[in-house]
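What follows is a set of notes on a single structure, which appears directly below.
Bear in mind these aren't lab numbers, they're just calculated from the coordinates by the rules spelled out. Here the structure is a predicted model, which means the values were calculated and not measured. Note that we place each Cβ from the backbone using ideal geometry, even for glycine, and neighbour counts take in every protein chain shown.
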Amino acid sequence: MALFAVVAELADELAKEAGKLKKRAAIAETISKVHAASSESGPESDDSGLLALYLAGTPFAEADSRKLNAGGALLSKALLAVSGASDQMLTAAYRRHGDMGAAAFDLLFAARAEKTAELTLAAVAEAFAAMAVAKTTAIRAALVEGLLRRATPLEAKYLLKLMLGDMRIGVKQSLVEEAIAVAAGASVDAVRRAVMLEADLGGAVRRAFSGTLHESRMRLFHPLGFMLASPVETPEEAVERFTEKPAKVPVVKTKKPRKDKKVVVVEAANHKPGEAVQAQSFYADAEEFADAPPEDVIAKETQAGGDTTLANAAATQGVEAFLEDKYDGMRAQIHCGDSGQPGRVAIYSRNKEDVTESFPELEEAFAQIRAETDAAAGSLIPSSLILDGEILGWDFEQGRALPFAVLGQRIGRKRVSNEWRQQVPVVFVAFDLMCADGELLLELPLRERRNRLEAVVERLVERVASPLVVDERARDSQAVLFAVEESAPVERLMISPSRLVESAEEIDRAYADARARANEGVMLKAAGSVYQPGRRGLAWVKLKRELATLDVVVTGAEFGHGRRAGILSDYTFAVRGDKGELLNVGKAYSGLTDVEIGEMSAWMMEHTLEDQGFFRTVEPLMVLEVAFNNIMRSGRHASGFALRFPRILKIRTDKPVSEIDTVSRVEEVYQSQVDKPVE
Ligand SMILES: Nc1ncnc2c1ncn2[C@@H]1O[C@H](COP(=O)(O)OP(=O)(O)OP(=O)(O)O)[C@@H](O)[C@H]1O
């Protein structure tokens, strides 16, 4: 039985180690050791899977929908109870580190420096399982206290970090996947594929050691990564992206980071010595490749399953592109029953939350479509489906989308009253088919996926709404709607119209038409491109021409005055710095409704990290989109910038914190201003 100390000690070592290769070697070695130690006592005592899971900073496997339900407030209370420290001591320790785990280490060190490790990984897993089903906060708090009491100071540090989902040891899941491959002598691609199909990192460790990675099968009901798009400023730039000719001579150079520093553009590449030029340019992960020469980036990308990136880069050249409207709704992935769970429907948001409950009419509609099609004998409809698309608030009278602000009122609501359902009706506009009949389709070219998507939707509709009725109002509005009666389930399912375009003029016209339909702009997608989950490549580009806004995360909140006294209503927010740290960039108190502010305030009370009286630092989990008049250089915030007249446009519950804007994006917007104000 491995001890949790193994995770804590390794994590502490990894936090101090900057080199990725050394990190990977250390993780691989520990996984091997833990696996070897269990080989005598039988496979059920093999904790190497838990070790991998916890190092990746996740208490449960991705396929496992359980949650710990323990926020900063609950954890700090438990820490106070176990350490006997006063509020002031906790606040001082928290301020020293800005991290609850590190604060716990300080508070427990004096009393427990000599404590020997006894907490096993299995005991931690058991406590986590109990927390997930605990009916009251008191039971959960007692479980956390139980864990902390048995822990050494170092273990307590990493237990808290793990529970908060913020290890800060510079280890991403992809690095753990590589380490698993090294430890078990398996191929990285095989490990990554198993993790993608089954969403179970621990399970992949078991498969890797038992040589059964190839037996992994697509399992529904865990979200796959969403493919994202890169921005272009003009239709001409979009055309250029899709028609660039491969360079005659391989040139490898790194351009200035674009939207955020997470990506670097590497231009033209002879990605393997001696091979023909394939890629014109593609995005790579700057965090991983910060200082590496471009050649290394390409070599590494190719090796680490990046061939799809290269394939897509090649596919963007001189080929056709599909154009679709860019809808301003909420990105979602819909999973529809498989042989194991035939009637089940699940909806996932872009930050991989299960949001099914928030859209009951979509769940019902899909379940009904399923049931009716299943009943049809000899049905040609796939038994399982994963659709990628956008949830939109829909005006059935006008046959067009409602503004995002209207849909936004429903996002995040767990219980949706009939009133809300009537006030803001929702539809799902599908634009990609990721899986059908248990077969993952990501590696098919978009052209092929699109054909299959159209065929599936058509068959679904034929079965349910036969004879097929196309709503003319919807046709006018460019959204093909398959039934007229609002009570019919199929009316909730639409398909995003898509057509091939060639010239900048065509794109320009389509853009104007899209805006006239109240959509945000247009998307262009290389017809030959594969679906790259979780990546922002050049195979999909978006054109939206608008004033810059920033996606930021709230780091703190202040109590308001007057009407807002006693309510946390003024928010301090941050962007990401070069090393992944959060740097404050501004403060906003306008843009939200009173109801939203009330909800935000309650949430912040729950997720407080440090209570300074009038001000509270909060767990950085809430993403906002903010608009502003301009940006100035300023010493007021850690980012070195301040936003002038910031206002909140949206609460981006649909966007993960990992994708907020960076300080280099702020710099870019600052530089693009005609006047560059300094405070
Ligand atoms: N037809 C479409 N195809 C793909 N994505 C679409 C489409 N229409 C709207 N979208 C939305 O556009 C997003 C892609 O833009 P991007 O990857 O830049 O996300 P983002 O950073 O949230 O951008 P934005 O802030 O512009 O929404 C998708 O996540 C999706 O929600």
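Taking 8 Å as the Cα distance limit and 6 or more residues as the minimum spacing, I'd like the relative contact order of the stretch 504-568 as a percentage.
21 percent
Can you give me the C-alpha center-to-center distance between the stretch 152-175 and the stretch 512-584, rounded to a whole angstrom?
The distance from the Cα centre of the stretch 152-175 to that of the stretch 512-584 comes to 27 Å.
Using the per-residue mean of other Cβ atoms lying within 10 Å as a proxy for protection, in what order, highest first, do the peptides 498-508, 77-87 fall?
77-87, 498-508
Under the Karplus relation 6.51 cos²θ - 1.76 cosθ + 1.60, θ = phi - 60°, what is the ordered set of whole-Hz ³J(HN,Hα) values for the stretch 72-86, x standing for Gly and Pro?
So the J values, rounded to whole Hz, are x, 5, 5, 5, 5, 5, 4, 5, 4, 5, 6, 7, x, 6, 8.
So between Arg459 and Asn629, what do we pick up on full extension, going 0.36 nm a residue minus the alpha carbon distance?
Gain on extension, Arg459 to Asn629, equals 56.2 nm.
Given a Förster radius of 25 Å and the C-beta distance between Glu233 and Asp189 as r, what FRET efficiency does 1/(1 + (r/R0)^6) yield to the nearest 0.05?
The formula returns an efficiency of 0.10 here.
Just going by the charge dipole of the stretch 550-672, with Lys and Arg at +1 and Asp and Glu at -1 on Cβ, which of Gly560, Asn630, Ser664 is farthest out on the positive end?
Asn630
If you place +1 on the Cβ of every Lys and Arg and -1 on the Cβ of every Asp and Glu, how big does the dipole about the Cα centre of the stretch 585-626 come out, in debye to the nearest 20?
I would put it at about 180 debye.
P(r) for the stretch 4-164: what percent of alpha-carbon pairs falls in each 5 Å bin, starting at zero?
All Cα pairs, binned at 5 Å, distribute as 1, 9, 18, 20, 20, 16, 10, 4, 1, 0 percent.
Between Trp420 and Met605, what FRET efficiency follows from the Cβ-Cβ distance if R0 is 35 Å, with the result rounded to 0.05?
0.90
Dipole of the stretch 73-232 (Lys/Arg Cβ +1, Asp/Glu Cβ -1, origin at the Cα centre): which of Phe209, Ile169, Phe221 lies farthest to the positive side?
After comparing all options, I get Phe221.
Sorted from fewest to most neighbouring beta carbons within 10 Å, what does the list Ser76, Ser590 look like?
Listed from fewest to most nearby Cβ atoms, that is Ser590, Ser76.
Measuring from label point to label point, each 7 Å out along Cα→Cβ, what is the Lys16 to Ala123 span in nm?
Simple spin-label model gives 2.6 nm for this pair.
With each pseudo-label sitting 7 Å past Cα toward Cβ, what's the Ala405-Glu215 distance in nm, one decimal?
Roughly 5.7 nm, to one decimal.
Show me the ranking of peptides 532-541, 45-54, 184-193, 106-115 by mean Cβ neighbours inside 10 Å, starting with the highest.
The packing order, highest mean first, is 45-54, 532-541, 184-193, 106-115.
Treating the beta-carbon of each Lys and Arg as +1 and of each Asp and Glu as -1, no other charges, what is the dipole magnitude of the stretch 534-679 about its Cα centre, to the nearest 20 debye?
For the stretch 534-679, the charge dipole is close to 540 debye.
Hey, quick one: spin label on Ala113, modelled 7 Å out along Cα-Cβ, who in the stretch 80-101 has an amide N within reach, i.e. under 19 Å?
Answer for the stretch 80-101: 83-85, 93.
Hey, how much of the P(r) for the stretch 550-672 falls beyond 17 Å, as a percent of Cα pairs?
53 percent
If packing is taken as the average count of other Cβ atoms within 10 Å, what order do 167-173, 347-353, 332-338, 93-99 fall into, highest mean first?
Peptide ranking by packing, descending: 332-338, 347-353, 167-173, 93-99.
Report the full-extension gain for the segment Ile139 to Arg644: residue separation times 0.36 nm, less the Cα-Cα distance, to one decimal in nm.
Taking Ile139 through Arg644 to full extension adds about 177.2 nm, to one decimal.
Give me, ordered by chain and number, the residues 5 or more places off Val345 or on other chains with an amide H under 5 Å from its own placed amide H.
Gly337
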